[in-house]
1. Please go through the range B:266-293 and pick out each residue that is among the β-branched types (V, I, T), within 27 Å of B:H183 (Cβ to Cβ) and more than 26 Å from the chain's Cα centre (by Cα).
2. Could you list, in sequence order, the residues of the range A:224-237 that are loosely packed, with under 14 Cβ neighbours inside 10 Å and touching a helix residue (DSSP H, G or I) at 6+ places or on another chain (Cβ under 8 Å)?
3. Any residue at all in the range B:173-196 that is touching a His at 6+ places or on another chain (Cβ under 9 Å) and farther than 21 Å from B:V670 by Cβ?
4. Mind checking which pairs have a first residue in the range A:51-74 that is within 16 Å of B:V29 (Cβ to Cβ) and a second that is hydroxyl-bearing (S, T, Y), Cβ under 6 Å, 6 or more apart or different chains?
5. Only residues that are assigned to a loop (DSSP other than H, G, I, E, B), open to solvent by 20 Å² or more (accessible area, probe 1.4 Å) and closer than 24 Å to B:T259 by Cα: list them for the range B:532-555, please.
6. Looking only at the range B:347-388, which residues are part of a helix (DSSP H, G or I) and closer than 17 Å to B:A505 by Cα?
7. Can you tell me which residue among B:K62, B:K68, B:K89 is farther than 30 Å from A:R37 by Cα, surrounded by fewer than 23 Cβ atoms within 10 Å (Cβ to Cβ) and touching a Pro at 6+ places or on another chain (Cβ under 6 Å)?
8. Name the pairs: first residue in the range B:1-16 and within 16 Å of ligand 2 (Cβ to nearest atom), second residue modelled with pLDDT of 95 or more and of a type in the set (V, I, T), Cβ to Cβ under 8 Å, at least 6 apart or on different chains?
Amino acid sequence: MNELGKKLARIAFDERGADYLLAMREEHGNVAPSMIRKGEDAGDVRVDLPYQLVNILSNIYPWVPKGRIAVVCRRCDEKALNEIIKRNLMDRDRLILIGLACTREQVALCRCSDPVPSKVDIGEANAPVREDPLMVKLDSMSQQDRLKFWTSEFRKCNKCFGCTLNCPVCFCDDCVLEEHTFTPELGIPPSFAFHLVRSMHMSDKCIECGECERSCAGGIPLLTLRKMANRDMKRMFGYEAGDKEKVSPLLTTLEGKLLEDGEHVC
Amino acid sequence: MSVNHVLTTCPYCGTGCQFFLQVVDDRLVGVVPCKTDEISQGRLCIKGYHAHAFVHHPDRLKTPLVRKDGQLVRASWHEALGRIVSEVKEIVAHHGPDSVLVLASAKCTNEENYLIQKLARAAIGTNNVDHCARLCHASTVSGLILSFGSGAMTNTTPEFDNADCILVTGSNTMEAHPIIASHMFKAHAKGAKVIVVDPRETPLSRMAYRSLHQKPGTDIAWINGMMKVIIDEDLYDRDFVKNRTTGFEALKKVVDGYTPDRVEQITGIAGKDLIDIARTYAKSEKAMIAYAMGVTQHSNGTNIVRALANLTMLTGHLGKESVGLNALRGQCNVQGSCDSGGLPDFFPGYQKVDDPETVKKFEKAWGVKLPHEKGLTLTWAVQQAAEGKIKAIVAFGENVMLSDPDITHLEKALKKLEFLAIVDIFPSETALLADVVLPAACYAEKDGTFTSTDRALRPVRKAVDPPGEAMPDWKIACELGRRFGVPGFEFKSPSEIMDEMAGLAPIYGGIDYERIDRQVIRWPCPSKDSPGAKFLHAGSFKMGRGVFAPVEHTDPQEVPSPEFPMILTTGRNLFQYHTGTMTRRSSKLEREAPEPYVELNSKDAKAFGVVDGERVRVSSRRGSVSLAARVTDNIIPGTMFIPFHYAEAPANRLTNPALDPIAHIPELKVCAARIEKG
Ligand code: SF4
Ligand code: SF4
Ligand code: SF4
């Protein structure tokens with residue numbers, strides 16, 4: 001067990017009463033997600049890889065009906081959990097957040113404007129990055145050139161669905177992207193609709209974790225695309241995803257009242 | 001409640017991506033990519049993401065089955081194994097060991113393939129052991145062994161990232177090897193020139209610097225044509241040719257006949273394009289070629305592979321990082337099943353079965369007398385079975401009834417057998433014809449190793465228990481070996497099997513489970529202190545000099561005729577895998593590609609009065625299938641394409657079993673056919 005493992009085990013099990021700790025640790029010369037049980041050796045824990053633990057948790061959560069789970073959370077993970085909990089997909093009382101502040105390098109890689117979790121348990125708070133260089137470049141391009149740029153990027157999409165499968169806030173049971181109207185079967189690359197439908201659909205949920213971009217088999221700069229759509233959302237509705245309380249304007253009636261519980265999850 | 005993440009290797013294509021299987025109490029619930037894996041780098045294709053989906057499918061075989069009174073009925077392991085051994089022994093006693101064929105499998109681990117070939121050679125006494133590599137890259141193995149002395153991908157997958165020219169031919173890389181394409185994109189983003197030569201417009205060709213379409217079966221002509229341009233314009237690597245090769249003068253003479261005009265006539269590729277790609281390829285410093293079954297599945301497949309080898313030697317594009325000739329192999333362990341000796345002419349590690357010294361070495365190691373003659377290839381053996389010369393087949397995980405050419409003929413051949421035993425995870429089309437069916441564990445239910453297309457040893461780790469009474473193939477092979485009464489089948493774990501194989505196959509000499517558990521090692525790895533090899537043929541070839549083999553263009557065995565005016569070519573799509581036994585049981589994959597179809601050009605569609613989506617009948621000299629038409633401009637006029645995944649319209653009812661004379665690979669890529677309404 002390395003120092004980090006000891007520290008995390010102490011925080012999770014001794015101080016905060018968790019039954020499980022979800023973290024990344026070294027296994028077989030690689031870094032593996034692990035659901036560590038109370039009393040078990042935490043092993044050589046690593047926090048230097050941007051794994052989306054919340055997404056990994058979402059997959060197993062329905063199968064683990066009892067016990068409190070501690071999760072290592074960066075600011076984006078914390079915000080993703082807020083979106084998940086607001087939709088009653090997980091129970092806040094069963095979750096224990098262990099705050100991880102991202103390194104400067106990670107903040108730069110994510111062009112992240114909000115890198116510090118509400119409580120820092122591990123790491124040191126670093127300054128945010130205000131600009132996404134590619135976004136700045138695209139903003140200065142003509143609409144035609146922008147279209148050309150995205151068309152050539154989207155040509156590399158092979159419909160792996162990694163951008164949805166690895167996204168911590170993609171939680172619809174029936175994915176709109178599997179709808180044949182938007183995404184006819186067989187053909188790759190899929191049409192513009194695939195990316196634009198996803199883009200719109202995520203704009204009140206996306207917390208800019210960048211996992212879609214990191215896992216994109218085509219190497220498409222999806223995080224920039226996300227940031228641009230989120231910026232529109234903010235301009236038009238004054239809304240940013242990830243807040244504990246504030247509900248998406250898309251989840252309210254025309255009069256601005258909240259939709260009935262469970263009426264709209266996605 | 002236990003939750004585990006088990007790092008293992010994808011059971012689909014040969015890229016060898018690693019991922020974590022999410023396991024909750026012996027049930028697979030998901031797949032998580034592995035960001036630290038050097039090959040997949042945290043990315044997967046849609047098949048990889050759903051690799052857990054078929055594992056718990058209710059159709060899985062759970063108990064042995066034995067045919068009684070014409071019916072397959074449930075039996076004990078004892079009875080089923082006993083039946084195989086007694087029937088095979090009886091046939092050997094009457095007709096000799098060479099009346100038996102054993103099929104290894106590119107879906108089984110290295111350790112299992114090692115044992116399967118040992119079972120054939122040491123327990124049954126025949127070199128008749130082969131597997132489906134015969135149908136995909138046999139011509140790569142035979143062609144490259146002749147040209148370079150070693151029949152494997154010369155580079156590693158991550159080396160594509162830094163290439164500055166990538167020539168892709170006969171490979172629909174984005175669909176068949178998505179994560180290798182992902183590496184190519186990295187090079188593309190840095191400005192690499194991607195050249196695609198393919199009869200179909202593939203997704204990759206749309207982002208290519210040049211996308212050229214040749215008529216199917218005319219590859220040697222354009223490759224020779226490139227070489228002529230390169231020699232005429234003095235763009236070849238004189239030092240490399242002088243110091244590292246033989247046979248240049250003969251090559252020069254043959255390719256001289258391939259002027260751009262003549263090439264245009266034969267292939268349909270415009271002369272100016274040919275000249276352009278020849279210059280681009282020759283002048284690039286880091287030039288890589290990637291090819292797949294569009295090259296190999298021809299009756300002159302070995303020669304096409306040799307033509308590509310000539311091109312790399314001529315330009316000196318070999319033996320350096322991000323420079324080389326790369327066969328992209330189709331199945332998770334097709335590289336390893338060849339390495340482990342699942343071939344009729346090679347012991348493990350490509351050691352010849354007809355070399356007396358080698359035979360002696362294996363006889364000593366295994367403690368039995370071994371046959372000295374090469375065995376029969378899969379495709380050849382099937383023809384022998386039709387003539388009644390092969391009496392029994394024991395097949396591990398091979399669904400030959402969909403993957404092999406001309407299945408009507410094949411079915412007859414299988415029905416003629418006196419005995420057929422199948423080991424598989426699902427009741428495949430082939431299993432239904434068998435006398436004994438044994439239930440196997442799938443990749444998620446056993447330990448072992450696969451060898452990826454780029455020669456990396458990739459651990460396969462057990463995540464869940466096999467269903468019912470199913471057992472891993474290595475255990476089944478051990479049980480059979482023991483029952484045949486020969487020594488050397490007492491293994492307790494796959495790691496022990498690897499140790500034995502490493503001791504006998506020098507290219508795996510330094511491999512053991514402890515090393516590969518934490519490191520990526522690629523063969524050749526002759527000793528424990530060897531780190532393995534990244535790119536091959538640096539400095540010299542295994543056999544000293546590389547051999548130029550001048551090859552001439554020949555027409556495919558079948559050319560269009562008035563009765564069959566079209567060329568039919570076959571292949572796969574992204575969402576299904578091979579004969580579909582696994583993917584068609586994964587709902588997300590089946591959703592993408594549920595139905596068999598034939599692609600044809602809109603001009604041809606008009607000429608034949610066919611509209612998109614309409615039901616049509618496609619026929620060749622061997623049979624016909626009924627399926628939906630997909631009208632597209634992604635395929636050149638005069639050519640049709642059918643993927644071979646679908647049992648309800650098997651493309652291989654139509655294909656031509658004509659064989660390459662050296663590799664015995666069938667001509668799956670070209671036959672003459674016609675299309676009609678209805
Ligand atoms: S950045 Fe991508 S993966 Fe992350 S929340 Fe937004 S859409 Fe999902
Ligand atoms: S992750 Fe990239 S390649 Fe995969 S579906 Fe999304 S956009 Fe396409
Ligand atoms: S590219 Fe091949 S090995 Fe990788 S996930 Fe897809 S099928 Fe599996």
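1. Keep residues of the range B:266-293 that are among the β-branched types (V, I, T), which gives B:266-267, B:269, B:275, B:277, B:280, B:289.
Those still in the list that are within 27 Å of B:H183 (Cβ to Cβ) too: B:269, B:277, B:280, B:289.
Passing the criteria: B:I269, B:I277, B:T280.
2. A:F237
3. yes
4. Here the result reads A:I69/A:Y20, each pair linking the range A:51-74 to a residue that is hydroxyl-bearing (S, T, Y).
5. B:P550, B:E552, B:H553, B:T554, B:D555
6. Listed by number, the residues that qualify are B:P356, B:E357, B:T358, B:V359, B:K360, B:K361, B:F362, B:E363, B:K364, B:A365, B:W366.
7. Working: B:K68 fails: touching a Pro at 6+ places or on another chain (Cβ under 6 Å); B:K89 fails: touching a Pro at 6+ places or on another chain (Cβ under 6 Å).
Only one candidate passes the filter, namely B:K62.
8. B:T15/B:I39; B:T15/B:T157; B:T15/B:I179; B:T15/B:I180
The values are calculated or read from the model by the stated rules, or taken from the named source; none is laboratory data. Since we're looking at a predicted model, the values are computed, not measured. Cβ sites come from the backbone with ideal geometry, for glycine too, and all protein chains shown count toward neighbours. Just so you know, the surface numbers come from the protein's heavy atoms only, side chains and all, with ligands and any DNA or RNA stripped out. Shrake-Rupley method; radii C 1.70, N 1.55, O 1.52, S 1.80 Å.
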